[in-house]
1. Return the pairs, sorted by first residue and then second, in which the second residue is surrounded by 10 or more Cβ atoms within 10 Å (Cβ to Cβ) and of a type in the set (F, W, Y), the first residue lies in region 61-73 and is under 19 Å from D38 (Cβ atoms), the beta carbons are less than 9 Å apart, and the residues are 6+ apart or on different chains.
2. Do you know which residues across region 1-37 are assigned to a helix (DSSP H, G or I) and small (G, A, S)?
3. Among the small types (G, A, S), surrounded by fewer than 18 Cβ atoms within 10 Å (Cβ to Cβ), free of Cβ contacts under 8 Å to residues at least 60 places away in the same chain and touching a Lys or Arg at 6+ places or on another chain (Cβ under 9 Å), is that true of G31?
4. Would a scan of region 58-77 turn up a residue that is at pLDDT below 80 and of a type outside the set (S, T, N, Q)?
Amino acid sequence: MDPLHLVELLKALGEPTRLSLVLLLAGGEKGGSALLGDSGISQPSLSRHLKVLRESGAIRERRTGRTCFYRLSSSDLVDLVVRLGGGSAGLPGRDAPSGRPVAENMSEDTSGDADRERRDASIEEWLL
């Protein structure tokens, strides 16, 4: 994968609402109306987030008449995000998991908060 494309995909998945939409699509293809009802966000906001996800390559769109259906792309990164997120989640404030997702087979980070903040800051700098 092209590094610039990877950066765009990571930026798209790094926004909580878009990440939640990707996790909603983990169960399979959904129509725009279903996503609108499941997400609890406005239609213009949903359209804007879906556009960013499409342009990043995280999701694909299929049109049938006036109805649009969305599904996850076959990106390994998207698959990893879905596995870490547990396969489904609501939007922030609506049963979304708090904090960072932790897979069952991952051990808990025992380093101090200062070390964790330094690591997080260096990752953010790398992404920008």
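1. Once the first residue is under 19 Å from D38 (Cβ atoms) and sits in region 61-73, its partners that are surrounded by 10 or more Cβ atoms within 10 Å (Cβ to Cβ) and of a type in the set (F, W, Y) give E61/F69; E61/Y70; R62/F69; R62/Y70.
2. A12, S20, A26, G27, G32, S33, A34, G37
3. In short, no.
4. yes
Let's see how each residue does on (1) more than 18 Å from T17 (Cβ to Cβ); (2) loosely packed, with under 13 Cβ neighbours inside 10 Å; (3) β-branched (V, I, T); (4) over 11 Å from the mean Cα position of the chain (by Cα):
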residue: P44; (1), (2), (3), (4): no, yes, no, yes
residue: H49; (1), (2), (3), (4): no, no, no, no
residue: R54; (1), (2), (3), (4): no, no, no, yes
residue: R60; (1), (2), (3), (4): yes, no, no, yes
residue: R66; (1), (2), (3), (4): yes, yes, no, yes
residue: F69; (1), (2), (3), (4): yes, no, no, yes
residue: L72; (1), (2), (3), (4): no, no, no, no
residue: L80; (1), (2), (3), (4): yes, yes, no, no
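The values are calculated or read from the model by the stated rules, or taken from the named source; none is laboratory data. The shown structure was predicted, so the numbers you read here are calculated from the model rather than taken from an experiment. Neighbour counts are summed over all protein chains in view; Cβ atoms, including those assigned to glycine, are modelled from backbone coordinates with ideal geometry.
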